[in-house]
Amino acid sequence: MRKVFAWIHEHEVHLSAAAMVAGFVIDNIFFNRIDQWWTEVLLIGYLAVAAFTIGLLHYLEEHTAEGARRPKWYSTLPITTQFMFGGLWSAFLIFYSRSATLAASWPFLLLMGSIFLGNEIFKKYHDRLVFNAALYFFGLYSYAIFAVPLLTHSIGTGTFILSGVAAVAVFALLMLILRYLGHFRFLKSLWQIRLWAGAVFIVMNVFYFTNVLPPLPLALAHGGIYHSIQKTADGYSALSETEPWYASLGVSPTLHVAPSEPLYAYSAVFAPIALNTTITHEWQWYDQGAKKWVTKLSVSFPISGGREGGYRGYTNVYNPDAGSWRVNIKTSDGRLIGRLKFTVIRGALGERRTIQL
């Protein structure tokens, strides 16, 4: 056993990175819906264990005499912390990427690379305490952003502000505990922890108020543009234009539209149980002359949470102009849930088929 702990200590940095990857893998297997009870239990467990290992590591650093031998299991603490962080980051990546377009979720992809880089840079204990504290606050804030709406059954600016207050309160409690566990080392790091935590708070708010953060816990389960949509006993029936094989690679579809013919935008937006809100379909056409997107139609309608495949609804626009189009699916306060891009060609009709939505 002594050789095992010695090997763990020797390869601590690389094992920490491996533990983070393991957290990614586990979350991708088990996470499905954001409002499932085991999802919340697992995320709270990640945060709780990470807080415990950070506190225990801090205590041992404070109370172990210079040159004294630390417990054999000491080197497992940073690895355990990184495993918990890996689970949190993968959960956030899963849920945030489902909730909006890639353009809105890119900060989290950037964060993934920063985390692995940080494990190589912050090897000294003093730096690691500050780094882990900043990561923990980021994880706490990211969790609060979609946990508070689950409790309040509401979304919007007020709910986001409440999420920030909750995250700051819990983080302040953790800081008090760290101060109690190791007063001297904590005070040496306090101003840096405050600086980095403040930076995280500012960045999260800037991301929110500039519409970079997705509108969790809402998520676009399915969406598409069709020539017609009808309500049926089994759901919805749509007339879809046959697309080439490369359309599945993410290429925007092309729709051939006859004069005076309408187009329909369909969306199924997932929302947690008991959450009722309003979404908007914003139809925009790209004006080549003015080089800008022009809003042609904006229609809002209420949705209710709980359905596995999302709350379904559709809007339509008649006689759309030829050219590039997009339908922005947004919350009532302007948060982007998803975007449907397509191109309209006027004239000859394409091959069509009926599908069930």
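The values are calculated or read from the model by the stated rules, or taken from the named source; none is laboratory data. All of these numbers come straight from a predicted model, not from anything done at the bench. Just the protein is used for accessible areas: all its heavy atoms, side chains included, with ligands, DNA and RNA removed. Shrake-Rupley method; radii C 1.70, N 1.55, O 1.52, S 1.80 Å.
Scalar couplings 3J(HN,Hα) for the range 133-145, obtained by applying the Karplus form with A = 6.51, B = -1.76, C = 1.60 to θ = phi - 60°, are 5, 5, 5, 5, 5, 4, x, 5, 5, 4, 5, 4, 4 Hz; x denotes Gly and Pro. Need the C-alpha centroid separation for the range 149-210 versus the range 284-357, integer Å. Spelled out, the Cα-based centre of one part sits 38 Å from the other. Ligands, DNA and RNA left out, the 1.4 Å accessible surface of the range 253-320 is 51% carbon and sulfur atoms. Here the contact order of the range 282-357, divided by its residue count and restricted to Cα pairs under 8 Å and six or more residues apart, works out to 27 percent.
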